[in-house]
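Heads up, the thing below is written out as structure tokens.
The values are calculated or read from the model by the stated rules, or taken from the named source; none is laboratory data. Remember, it's a predicted structure, so these values are computed and weren't measured experimentally. So basically every Cβ, Gly included, is an ideal-geometry build from the backbone, and we count neighbours across all protein chains shown. When the accessible area is computed, the model is the full protein with side chains, heavy atoms only, and any ligands, DNA or RNA have been set aside. Shrake-Rupley method; radii C 1.70, N 1.55, O 1.52, S 1.80 Å.
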Amino acid sequence: MMTPALIVDPAKCTKCGLCVKVCPIMLIAVGESGFPEMDPHRAPQCLECGQCALFCPARANSLTFLRNEEMTDAASLKLPSKDEALNLLKTRRSTRRYKKEPVPKAVVEEIFGAVRMAPTAENSQKVRWVLSDDPKKTDEIRNLMLCWLRGEIFKDPVSPLALFGAQIIARAKQGEDILLRGAPQVALAVVPGDYDWPEDGAIALTYFELAAHGCGVGVCWGGFLTIAVRKFPELREFLGIKEDERVCGAQMFGWPAVRPARQFPPRKLDITRV
């Protein structure tokens with residue numbers, strides 16, 4: 001793996017020092033020439049966040065892993081207005097009725113194009129995604145979840161999970177899917193089991209939900225799927241999730257069969273100011 005290095009165009013650099021200030025781990029300093037330099041001895045510690053290049057007002061900086069042609073001029077990007085951005089967040093609803101046809105792969109890739117920008121601790125990018133965008137595979141996941149519930153009923157018929165599971169199985173026999181709500185596709189976020197920041201997975205899942213909402217795709221957090229994968233080895237094996245990986249959460253997704261006619265139900269807000 002190539003050691004990161006800062007590349008400075010002396011014809012463009014104004015020696016403003018901003019790249020020195022924005023480096024989160026202080027790898028960059030002003031050299032004898034007055035131009036910024038990355039400490040070669042500490043270069044392997046680089047987080048590869050790209051801040052030193054992205055924030056350069058003169059567009060003078062690039063990196064061995066981030067070339068000029070790979071960066072987009074920020075001024076050329078069209079951003080939503082304040083109200084549009086807030087309404088995207090506020091109109092997010094959990095979708096529990098889906099159309100049968102799956103979301104096309106091109107749209108899924110567009111969603112993940114935004115998801116990959118989710119922040120991670122020290123830019124470690126440890127989140128791995130397990131994706132079922134084939135409805136037949138999703139049906140297999142659903143059936144394995146039913147097997148898991150049958151096992152829970154057998155182990156302890158009077159446990160809350162077993163009692164509720166019996167209702168879910170009864171509904172399934174009638175053709176109603178309570179587990180995945182008829183979603184044709186699912187996505188799960190996992191991280192290494194010894195990773196200190198599993199919250200990264202929750203952040204990534206939130207990015208997924210909001211990016212999907214922006215693309216008109218319905219999403220619902222898959223609580224039953226998350227629990228089933230954590231507890232049922234057969235399902236874990238089917239999904240290719242290793243024993244030393246932690247399941248952060250899951251999302252069911254697809255085209256909504258119904259959409260809300262009105263918005264903004266009441267929500268609690270608990271703030272303690274210090």
(message) Given a 1.4 angstrom probe, what's the average accessible area per residue across region 1-132, in square angstrom?
(response) 69 Å²
(message) Using only Cα atoms and rounding to the nearest 10 degrees, what angle (0 to 90) does helix 105-115 make with the longest principal axis of the chain?
(response) 60 degrees
(request) Note the listed values (1) 128, 36, 33; (2) 57, 42, 39; (3) 75, 45, 43, then indicate which one is Cα extents along the principal axes in Å calculated from this particular structure. (result) (3)
(message) At 1.4 Å probe size, with the rest of the protein present, what percent of the exposed accessible area of region 133-199 is carbon and sulfur atoms?
(response) 57 percent
(message) From the protein chains alone at 1.4 Å, what is the descending order of accessible area for Thr64, Thr14, largest first?
(response) Thr14, Thr64
(request) Calculate the dipole size of the chain relative to its Cα centre from +1 charges on Lys and Arg beta carbons and -1 charges on Asp and Glu beta carbons; express the result in debye to the nearest 20. (result) 1340 debye
(request) Filter the trypsin sites (Lys or Arg not before Pro) in region 176-274 down to the DSSP loop ones having no more than 14 other Cβ atoms within 10 Å, then list what survives. (result) Lys242, Arg262, Arg267, Lys268, Arg273
(request) If a/c stays under 1.5 just call it rounded; otherwise compare a/b with b/c (prolate if a/b is bigger, oblate if not). Do that for region 165-274, with a ≥ b ≥ c from the square roots of the Cα gyration tensor eigenvalues. (result) oblate
(request) In nm, give the distance between the simple-model label positions of Lys268 and Lys105, each being 7 Å from the Cα along the Cα-to-Cβ direction. (result) 4.5 nm
(message) Give the separation of the Cα centroids, region 163-195 to region 133-149, in Å.
(response) 8 Å
(request) Restricting attention to the chain, give the cysteines that have no other cysteine Cβ less than 4.7 angstrom from their Cβ. (result) Cys13, Cys16, Cys23, Cys46, Cys49, Cys56, Cys147, Cys215, Cys220, Cys248
(request) With θ set to phi - 60°, apply the Karplus curve 6.51 cos²θ - 1.76 cosθ + 1.60 along region 164-178 and write out the HN-Hα couplings as whole Hz, x wherever there is a Gly or Pro. (result) 6, x, 4, 5, 5, 5, 4, 5, 4, 5, 8, x, 9, 9, 8
(request) Could you please put Ser132, Ser33 in sequence from largest to smallest accessible area, using a 1.4 Å probe? (result) Ser33, Ser132
(message) Taking the Cα of Ala202, stepping 7 Å toward and past its beta carbon, and measuring to each backbone N in region 235-262: which are under 20 Å?
(response) 245-252
(request) Report, to the nearest 10°, how far helix 199-214 tilts away from the longest principal axis of the Cα atoms in the chain, using its own Cα long axis and a range of 0 to 90°. (result) 80 degrees
(message) Just to confirm the number: angle between the C-alpha axis of helix 135-155 and the first principal axis of the chain, 0 to 90 degrees, nearest 10?
(response) 60 degrees
(request) Kindly state, to the nearest 0.05, the FRET efficiency for Leu131 paired with Arg59, given R0 = 25 Å and r defined as their beta-carbon distance. (result) 0.10
(request) Run the quick spin-label model on Arg246 and Lys21: label points 7 Å from Cα toward the beta carbon, then report their separation in nm to one decimal. (result) 3.6 nm
(request) Estimate the FRET efficiency between Glu237 and Arg92 by the formula 1/(1 + (r/R0)^6), using the beta-carbon distance for r and 35 Å for R0, to the nearest 0.05. (result) 0.60
(message) What is the distance in Å between the Cα centroid of region 229-244 and that of region 79-110?
(response) 29 Å
(message) What does the net charge come to around Trp197 if you take all other residues with beta carbon closer than 15 Å to its beta carbon, with K and R at +1 and D and E at -1?
(response) -3
